[in-house]
Each structure stands twice: as C-alpha cells, then as structure tokens.
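Take a look at the structure set out below.
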Amino acid sequence: MTSTGLAQDRTANALKRFFDVVALGHAAEMAAMLAEDLALARQKDRFRFQTIHLLDHASFAEKLRLLRANGADINAQNNEGIALTRMLIHPEFLTDVLAAGADINLRDAAGETALMIFSGAPDGWEMVAAFLQNRSDVSLRDARGLSALVHAREGLGSAGATHILRAAGTPD
C-alpha cells in the first residue's frame with residue numbers, strides 16, 4: 001500500500017471512530033477528539049451523512065453543543081435531503097435542535113418535512129405534537145402535493161397523529 005493509501009485508511013478509521021463516539025460514546029471523549037481535529041465535526045460519510053446526524057439520546061444536548069461549537073451545520077442534509085430534525089428519536093430533543101438554529105420546515109429531496117415524515121409513522125404522534133407546538137407549518141405540501149394530514153392517513157400514521165393534525169387545521 002502506498003503512503004497515500006495508508007493516510008486515507010487512517011483518515012477513514014479516525015472518521016469511523018468519531019462517528020461511533022458521537023453515536024454511542026461519551027461527550028468527554030468526543031470533546032478530546034475534536035480538540036485534536038476540529039474538522040471531524042463537519043465530516044461526511046459516502047451518503048453525505050454528517051456527524052450531527054448520528055446524535056444519540058445519551059448526552060444529546062452536550063454533544064450537539066460540541067458539534068455546533070466546532071462548525072457542524074444544524075441543517076446539514078445527506079444525499080436524500082435527510083436532516084437531523086427528521087432523525088430525532090424523542091420530542092424533548094427538538095427544543096435543543098431548534099434552539100441551535102434548525103429549520104423546522106426543512107424539506108428533503110421529495111419535498112417532505114419532518115412533520116410529514118413523523119405524521120406517517122406508526123409511533124410518530126408525539127413527534128407530530130412537538131413539531132406543531134414549535135410552529136411547524138401545517139400548510140406545506142410535498143413534491144406530490146400531499147399534506148402532513150394525507151401522510152398520516154395514507155401512511156402508517158396513528159389515529160393520534162391524524163387527530164392532532166386536524167385539530168391544528170392541517171389541510172387535506
């Protein structure tokens with residue numbers, strides 16, 4: 001292997017290690033790695049997922065703060081337009097993400113917002129409620145012309161999501 005190939009392997013291994021720490025490790029370990037290489041906060045994998053996409057529930061706010069302080073884009077999207085708002089696993093994290101400057105109505109490649117995605121998810125009603133409480137735009141439609149309410153009815157969305165969306169005045 002050439003010296004260039006060895007350097008690329010080391011870089012790929014360091015990036016994988018950092019991605020693993022963001023997803024599953026401790027914030028202190030993440031901070032130490034960022035102190036050695038600030039660029040880790042903005043790196044992408046082959047699908048253009050960035051480190052910010054990998055935030056897990058453990059030390060979420062602290063890890064988010066570290067990534068943002070080191071240049072991570074809160075609205076980063078992968079090659080399909082998937083952003084952090086769409087990957088959140090609990091409503092309580094939405095407040096931190098929005099406080100960091102996330103666009104609550106950011107659209108993916110299909111024109112769908114996180115509200116639309118969670119509306120069509122079987123267990124998405126809590127996230128739907130959180131997005132609505134934080135003023136997600138219920139009037140938006142995706143590239144096919146479908147509203148969040150249609151996503152809830154035609155997807156695997158729960159009756160709770162449909163009820164919440166109707167109460168918020170979401171159009172058909």
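The values are calculated or read from the model by the stated rules, or taken from the named source; none is laboratory data. Not measured: the values here are computed from a predicted model. Because the Cβ atoms are built from the backbone with ideal geometry, glycine has one as well, and the counts that use them run over all protein chains shown.
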Looking only at the range 62-73, which residues are part of a loop (DSSP other than H, G, I, E, B), surrounded by 14 or more Cβ atoms within 10 Å (Cβ to Cβ) and not charged (D, E, K, R)? Asn70, Ala72
Restrict the check to the range 164-171 and report whether at least one residue is in contact with a helix residue (DSSP H, G or I) (Cβ under 8 Å, 6 or more places away or on another chain), of a type in the set (Gly, Ala, Ser) and not in a helix (DSSP H, G or I). yes
Taking Leu34 as the residue in question, decide whether it is among the hydrophobic types (A, V, I, L, M, F, W, C), farther than 30 Å from Leu140 by Cα, touching a Phe, Trp or Tyr at 6+ places or on another chain (Cβ under 6 Å) and surrounded by 17 or more Cβ atoms within 10 Å (Cβ to Cβ). no
Applying the selection to the range 118-172, what residues are of a type in the set (Gly, Ala, Ser) and farther than 24 Å from Thr95 by Cβ? Ala143, Gly145, Ser147, Gly155, Ala159
Please find, within the range 122-150, the residue that is surrounded by the fewest Cβ atoms within 10 Å (Cβ to Cβ) out of those that are under 13 Å from Glu112 (Cβ atoms) and of a type in the set (D, E, K, R). Arg144
Which ones in the range 74-108 are of a type in the set (Asp, Glu), surrounded by fewer than 16 Cβ atoms within 10 Å (Cβ to Cβ) and either in contact with a Cys (Cβ under 6 Å, 6 or more places away or on another chain) or in a loop (DSSP other than H, G, I, E, B) (or both)? Glu80, Asp103
Just name the residue that is modelled with the lowest pLDDT out of those in the range 1-27 that are of a type in the set (A, V, I, L, M, F, W, C) and surrounded by 12 or more Cβ atoms within 10 Å (Cβ to Cβ). Ala14
Report, by residue number, each residue of the range 42-61 that is surrounded by fewer than 15 Cβ atoms within 10 Å (Cβ to Cβ), charged (D, E, K, R) and more than 13 Å from the chain's Cα centre (by Cα). Lys44, Arg46
Suppose the filter is within 14 Å of the chain's Cα centre (by Cα), touching a residue at least 24 places away in the same chain (Cβ under 8 Å), buried (at least 22 other Cβ atoms within 10 Å of the Cβ) and within 26 Å of Val150 (Cα to Cα); does Leu115 pass it? yes
Just checking, does the range 87-95 include any residue being out of contact with any Ser or Thr (no Cβ under 9 Å at 6 or more places or on another chain), closer than 30 Å to Glu29 by Cβ, without any contact (Cβ under 8 Å) to a residue 60 or more places away in the chain and hydroxyl-bearing (Ser, Thr, Tyr)? yes
Note down all Cβ pairs under 8 Å where the first residue falls in the range 53-75 and is closer than 13 Å to Glu92 by Cα, the second is surrounded by fewer than 18 Cβ atoms within 10 Å (Cβ to Cβ) and small (Gly, Ala, Ser), and they're at least six residues apart or on different chains. Asp56/Ala23
Regarding the range 40-52, can at least one residue be identified that is touching a residue at least 24 places away in the same chain (Cβ under 8 Å), hydroxyl-bearing (Ser, Thr, Tyr) and under 24 Å from Val128 (Cα atoms)? no
